[in-house]
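The values are calculated or read from the model by the stated rules, or taken from the named source; none is laboratory data. For clarity, every value in this text was computed on a predicted model and none was experimentally measured. In this analysis, Cβ positions are derived from the backbone assuming ideal geometry, glycine residues included, and neighbour counts consider all displayed protein chains. Quick note on the areas: whole protein, heavy atoms, side chains included, nothing else; ligands and nucleic acids left out. Shrake-Rupley method; radii C 1.70, N 1.55, O 1.52, S 1.80 Å.
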Amino acid sequence: MAISAEREGGTVVAKADGRIDGSNASEFQADLQAVIEDSDQALILDFESVSYISSAGLRVLLLTAKTLEGNGAKLALCSLSEPIREVFRISGFDNIIPIHDSQAEATAAISG
Amino acid sequence: MTYKILVVDDEPDLEPLVLQRMRRHIRRGRYEFVFAHNGIEALEELEADPSIDMVVSDINMPRMDGLTLLEQIPNVSPDIRAIIVSAYGDMENIRTAMNRGAFDFVTKPVDFDDLQFTIDRTLEHIEQWREALSTRDKLVALQNELDVASKMQQSILPTVFPSGPTYKIFGTMHPAKDVGGDFFDIVRLADDKVGLAIADVSDKGVPAALFMMSSRTLLKGSAIGTEAPGDVLTEVNNLLNEDETTGMFVTMLYAVYDPATGVFTYASGGHDPPLVVRADGTSELKPLTGGIALGVLGGFEYRQDSFELAPGDTVCLYTDGVTEATNQQGELMGIEGIQELFASAPPTGAEQSCMGMLNRVLEYTGDAPQHDDITCLTLHRD
């Protein structure tokens, strides 16, 4: 699991890859916290290269969403593979975190 | 950090010489020296002062020599390292000293730059040794914590399964090596109905085990007082959300089976859907009910769905330890693996189908590491 981030105005686009599970969830959490700044309005997580996410990974997303919400900022996901999309569907997390097909769609939705 | 060094030598001139030559390091607070004049005094000093980090000792001394001292040190302070000061070229004593556990040696006449370098190297080694010890202690502590969590988890699982004249229930949980958060429960309800719950807490260790305990208690309480599975999840979720917020959550499927009608009513809070297997081995995944994992969002209204079991049907409930079982090639088994199993060997009863699922998962994963608990809960209508 690795994360790389780019900033566009008040929006951070971060890409994660590989497996996100109990063995690296705290690292994932620290990485996400490191890319968010107080002034940010939104974080878009590009999951195109994520092959697996466990409930420990979902928990990090939940905590991140709550942190951002506390700052009045938003979290969105994009470019999920079908199995990952299924994890969000089964867990019901697609009820609380908006999921978009592409980065462009996510950016449009957040700025719109 | 100041290191305390015990210098052992019967030569009275050595003490002022050490203090003088090492004065800069003493002033900076890096070294502190204490002195003893033979092996016996040195052992007494070590016993009296556990803050001593290392020993620098001469070999030839009255009462107890340095080589004997080396043998005795581990009895008093096992983590102390010693440097031996020997006559130049006295390879025999040096070899004996090294064999007896001396960390290093310097030769006489003492070159104080060399001595200081050797002391620093020894202290560095001591630091690494201590770090290794503390890591080991932490691992032991973590292991103890995981043992506690694991016992809590095992203790809440039912060991006797309710059954009726026309149905049987069986459940099993195969724990992951590092303690996951699966549990299941079965509750006898009014009018001979029975409630079945299967759940997976998002985290591991003691906090997750506590969360598991409270989820299970809340579920049990709510199940007895409330009829509709959707309402039960709504209530448990609201109670779990009262305590903000560790980000912990639990996926849970709760169902009520009515043996009088064969109707199975279920609500899923972020949990995998039920799999219904017919007597001929064909199977069907029932739809999700759109619920989110419990503990995530207070006020969420959980919906439910229902279907009727025909005689011979089996409902299989499971956690993601089943669907996300991974083989040595890193491929996920998926629920298809279970569907294939039943297609070739149709279920004949609750226990047989439950253990069949578990064994299929264990076969599939082989020697690959098991990251998650594997839990299966089945209800078979006779």
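Brief remarks follow.
Every residue, every condition in (1) touching a Cys at 6+ places or on another chain (Cβ under 9 Å); (2) closer than 17 Å to residue B:276 by Cβ, yes or no:
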| site | (1), (2) |
| --- | --- |
| B:323 | no, yes |
| B:332 | no, no |
| B:338 | yes, yes |
| B:341 | no, yes |
| B:346 | no, yes |
| B:354 | yes, yes |
| B:362 | no, no |
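- Residues of region B:141-198 satisfying the condition of being assigned to a loop (DSSP other than H, G, I, E, B), of a type in the set (Lys, Arg) and either closer than 25 Å to residue B:382 by Cβ or in contact with a His (Cβ under 7 Å, 6 or more places away or on another chain) (or both): B:193
- The one condition in (1) in a strand (DSSP E or B); (2) without any contact (Cβ under 8 Å) to a residue 60 or more places away in the chain that residue B:256 fails to fulfil: (2)
- Applying the criterion of being modelled with pLDDT under 90 and among the β-branched types (Val, Ile, Thr) to the residues of region A:16-73, the residue that is surrounded by the most Cβ atoms within 10 Å (Cβ to Cβ) is A:36.
- The strands (runs of 3 or more DSSP E) located wholly in region B:294-382 that include 3 or more residues which are more than 14 Å from chain A (Cβ to nearest Cβ) and open to solvent by less than 10 Å² (accessible area, probe 1.4 Å) occupy B:314-318, B:374-381.
- Residues in region B:1-15 that are of a type in the set (A, V, I, L, M, F, W, C) and open to solvent by less than 20 Å² (accessible area, probe 1.4 Å) were compared, and the one that is farthest from residue B:64 (Cα to Cα) is B:5.
- Applying the criterion of being polar (S, T, N, Q) and under 18 Å from residue B:324 (Cβ atoms) to the residues of region B:345-372, the residue that is modelled with the highest pLDDT is B:359.
- A search for C-beta distances below 8 Å between a residue of region B:52-81 that is closer than 15 Å to residue B:102 by Cβ and free of Cβ contacts under 8 Å to residues at least 12 places away in the same chain and any residue that is among the aliphatic types (A, V, I, L, M) and in a loop (DSSP other than H, G, I, E, B), counting only pairs 6+ apart in sequence or on different chains, returns nothing.
- Residues of region B:201-215 classified as open to solvent by 10 Å² or more (accessible area, probe 1.4 Å) and either in contact with a strand residue (DSSP E or B) (Cβ under 7 Å, 6 or more places away or on another chain) or within 13 Å of chain A (Cβ to nearest Cβ) (or both), total: 4
- Residue in region B:253-261 that is among the β-branched types (Val, Ile, Thr), more than 11 Å from every other protein chain (Cβ to nearest Cβ), closer than 22 Å to residue B:303 by Cβ and buried (at least 18 other Cβ atoms within 10 Å of the Cβ) present: yes
- Some residue of region B:269-284 being more than 14 Å from chain A (Cβ to nearest Cβ), assigned to a helix (DSSP H, G or I) and free of Cβ contacts under 8 Å to residues at least 12 places away in the same chain: no
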